[in-house]
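What follows is a set of notes on a single structure, which appears directly below.
The values are calculated or read from the model by the stated rules, or taken from the named source; none is laboratory data. Being a predicted model, the structure only gives us computed values, none of them experimental. Note: ideal-geometry Cβ built from the backbone for every residue, glycine included; neighbour counts use all protein chains shown. Remember, those area values only see protein heavy atoms, side chains included, never the ligands or the DNA or RNA. Shrake-Rupley method; radii C 1.70, N 1.55, O 1.52, S 1.80 Å.
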Amino acid sequence: MSGTTIPPLALSVEHLGVTLAGRDGPLPVLEDVSFGVPAGRTLALIGESGCGKSMAALALMGLLPEGLRCDTGAIRLLGEDLAVAPPARLRALRGSTLSMIFQEPMTALNPVFTVGEQIAETLRLHQGLDAAAARAGALEMLRKVEIPAAAQRLDAYPHQLSGGMRQRVMIAIALACRPRLLIADEPTTALDVTVQAQIFDLLKTLQRETGTAILLISHDLHAVADIADEVAVLYAGTCVETGPASRVLAAPEHPYTRALLACSPRLRLGAAAAGPAPDLLEVPGMVPPLGQRGPGCRFAPRCELAGADCNHPPPLRPAGAGRAAACWRVGDTTLEAVA
Ligand SMILES: Nc1ncnc2c1ncn2[C@@H]1O[C@H](COP(=O)(O)OP(=O)(O)OP(=O)(O)O)[C@@H](O)[C@H]1O
Ligand SMILES: [Mg+2]
């Protein structure tokens with residue numbers, strides 16, 4: 001968890017813009033998105049469905065789907081700007097310095113190779129190990145991700161493992177080359193609740209061991225509160241709030257972050273109030289789809305504090321103690337009324 005001194009940034013995303021080619025011109029998918037992940041720490045990217053979390057992750061990996069492109073801003077990984085890196089350089093970085101785990105490991109694992117072969121392949125490719133050393137490295141990684149009977153599981157095919165075990169294999173592949181940044185996009189949503197907690201614990205343990213920075217995308221605000229040091233909140237393709245997780249989650253500045261947290265009453269009230277899980281609540285209204293986003297603050301149509309000034313897009317501005325928020329009302333005491 002965050003100490004008093006923040007380490008240098010492993011990843012710095014600066015004014016990132018991603019557009020989708022449309023018939024009437026490019027549509028903004030991400031606009032002016034800025035956040036940083038300190039080395040060895042975890043930043044959680046949160047926001048409702050469709051806000052652009054996965055597109056931000058794919059932009060960092062250089063894996064945007066067809067039709068989408070990163071056309072403004074910088075993505076600095078250990079100082080190197082990935083937004084302008086040639087495809088060959090990105091290929092070399094992916095799987096070594098930079099790696100990613102996805103929501104459904106079955107689609108990311110190759111069904112015709114054993115899990116041992118798939119981990120070993122990464123080690124051969126990126127670390128130039130010979131076959132025997134790569135197999136030994138694969139076994140070590142299976143042990144690291146706490147897969148029982150690792151020596152036997154090395155020769156198992158993905159379909160012979162449970163969902164939780166498959167996700168552990170994905171983590172083993174992602175961490176095999178000791179990446180400096182691991183991106184985890186909803187890494188546990190396909191798993192049952194107990195297994196989810198185990199995977200988050202494993203990520204924390206491995207982070208302590210390897211010092212990798214983690215960019216975590218999750219809808220699970222309880223897990224975010226538990227695992228993240230920093231938070232960035234996305235709304236309709238814009239970054240509305242960033243800062244230390246403990247402060248942002250305890251006292252959000254942006255009305256959207258407040259609304260999002262209000263949907264997670266147990267989190268808002270703290271662990272002491274944890275009783276039976278509440279009904280899943282939703283922020284009233286919906287995220288405007290691409291092409292239907294006005295020129296001003298994206299959240300204004302759903303915001304009870306919106307006024308005429310919100311027709312101008314508020315920039316992400318410092319809001320004290322390592323925090324920033326994009327709202328003209330930040331600092332305004334009327335915000336307390338909706339706390
Ligand atoms: N392959 C694609 N082609 C065109 N537009 C896309 C594509 N994938 C996503 N989008 C659009 O990009 C925007 C951001 O989507 P994204 O998948 O990043 O959301 P998200 O925050 O990850 O949502 P979720 O929480 O549901 O995963 C959405 O408006 C979505 O419709
Ligand atoms: Mg997504």
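Observations, loosely collected:
- Within the chain, antiparallel bridges make up roughly 60 percent of the DSSP beta bridges whose residues both belong there.
- Going by accessible surface with a 1.4 Å probe and the largest first, T114, T72, T210 read T72, T210, T114.
- When the Cα gyration tensor is reduced to axis lengths a ≥ b ≥ c, the ratio a/c is 1.5 or higher for segment 95-137, and with a/b not above b/c it is classed as oblate.
- In segment 103-176, Cα pairs under 8 Å separated by at least six residues give a relative contact order of 45 percent.
- Dipole size of segment 103-176 about its Cα centre, with +1 on Lys/Arg Cβ and -1 on Asp/Glu Cβ: approximately 140 debye, rounded to the nearest 20.
- The mean sequence separation of alpha-carbon pairs under 8 Å and at least six residues apart, normalised by the residue count of segment 52-146, gives a relative contact order of 17 percent.
- Under 14 Å, Cβ to Cβ, from T212 - net charge with Lys/Arg +1 and Asp/Glu -1: +4
- Shape category assigned to the chain from the gyration tensor of Cα positions, a/c cut at 1.5: prolate
- Protein-only accessible surface order, largest first, of C70, C239 at 1.4 Å: C70, C239
- Using the 1.4 Å probe convention, the accessible area of the chain works out to 46 Å² per residue with neighbouring protein chains retained.
- Pairwise label distance in nanometres, N110 with E140, each label 7 Å out on the Cα-Cβ vector: 2.3
- Distances between placed amide hydrogens fall under 5 Å for I183 paired with S99, M100, I101, L215, all partners being 5 or more residues away or on another chain.
- Rounded to the nearest 10 degrees, the angle from helix 115-127 to the longest Cα principal axis of the chain is 80 degrees.
- For segment 103-176, the ratio of Cα radius of gyration to the globular rule of thumb 2.2 N^0.38 Å stands at 0.96.
- Around S96: net Lys/Arg minus Asp/Glu count, Cβ-Cβ under 11 Å: +4
- Relative to the longest principal axis of the Cα atoms of the chain, the long axis of helix 131-144 makes an angle of roughly 50 degrees.
- Of all accessible heavy-atom area on the chain, the percent that carbon and sulfur account for (1.4 Å): 55
- Loop-located GluC sites (Glu not before Pro) across segment 31-136 with a Cβ neighbour count of 14 or fewer within 10 Å are E66, with loop assigned by DSSP.
- As a length-normalised measure over Cα pairs under 8 Å and 6 or more apart, the relative contact order of the chain settles at 20 percent.
- Label-point gap, in nm, between L290 and I6 - each point 7 angstrom along Cα→Cβ: 3.1
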